[in-house]
Amino acid sequence: MSNITDIIERYLKQTLRAQGKNMIEIKRSEIADQFQCVPSQINYVINTRFTVEKGYIIESKRGGGGYIRIFRIEHGESSELIDEIIKMVSPQVSQQGAEDVLFRLLEKEVITKREHKLMLNAINRDTLAFQLPLRDEIRSRVLVAMLSALKYVNK
């Protein structure tokens, strides 16, 4: 059974797809009422499930007429997406940030499930057994090297 966070995330992504656009505008309080949760739960979903690493930009305005806009970042070619991700993960990237961008590449079918699994294992904190912040810097370098190789293989 899914938890409320998963359900809200699924609902927002389905709404985004159903509208056929790369943007939806929501009111935090309305979504909270719909799912019978506190508005801070909506903030949590947006802040953790709709990040730049996952391919989203969030714009919000607080107050009575406030809103939250969720934009899905789309790229024409996989090389553009890879370039954006390389900039995002340099000069260092956390484990979660790296996992998020790899899942995004998998979703966009830039990498296969097999490549996804190999890349996850290569950048895992157990594989890169160094102290922070060195580990995040090495993870970034390894990820950039793999993405650069993919970029030229896909051309």
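The values are calculated or read from the model by the stated rules, or taken from the named source; none is laboratory data. Model, not experiment: these values are computed from the prediction. With ideal geometry, Cβ positions are generated from the backbone for all residues, glycine too; neighbour counts draw on all protein chains shown.
Figures for the structure shown
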| quantity | calculated |
| --- | --- |
| Selected residue (criterion: farthest from residue 72 (Cα to Cα)) from residues of region 121-155 that are of a type in the set (Ser, Thr, Tyr) and without any contact (Cβ under 8 Å) to a residue 24 or more places away in the chain | 127 |
| Some residue of region 90-106 being of a type in the set (S, T, N, Q), under 24 Å from residue 2 (Cα atoms) and more than 13 Å from the chain's Cα centre (by Cα) | no |
| Region 1-21 - residue that is loosely packed, with under 14 Cβ neighbours inside 10 Å and at pLDDT below 90 and, of those, farthest from residue 61 (Cα to Cα) | 1 |
| Unique residue being out of contact with any Ser or Thr (no Cβ under 7 Å at 6 or more places or on another chain) and surrounded by 18 or more Cβ atoms within 10 Å (Cβ to Cβ) when the list is 50, 71 | 50 |
| Qualifying position, being over 23 Å from residue 24 (Cα atoms) and either surrounded by 11 or more Cβ atoms within 10 Å (Cβ to Cβ) or in contact (Cβ under 8 Å) with a residue 12 or more places away in the chain (or both), among 105, 118 | 118 |
| Residue check, residue 15 touching a residue at least 24 places away in the same chain (Cβ under 8 Å) and not assigned by TED's automatic domain parsing to the domain that holds residue 107 | no |
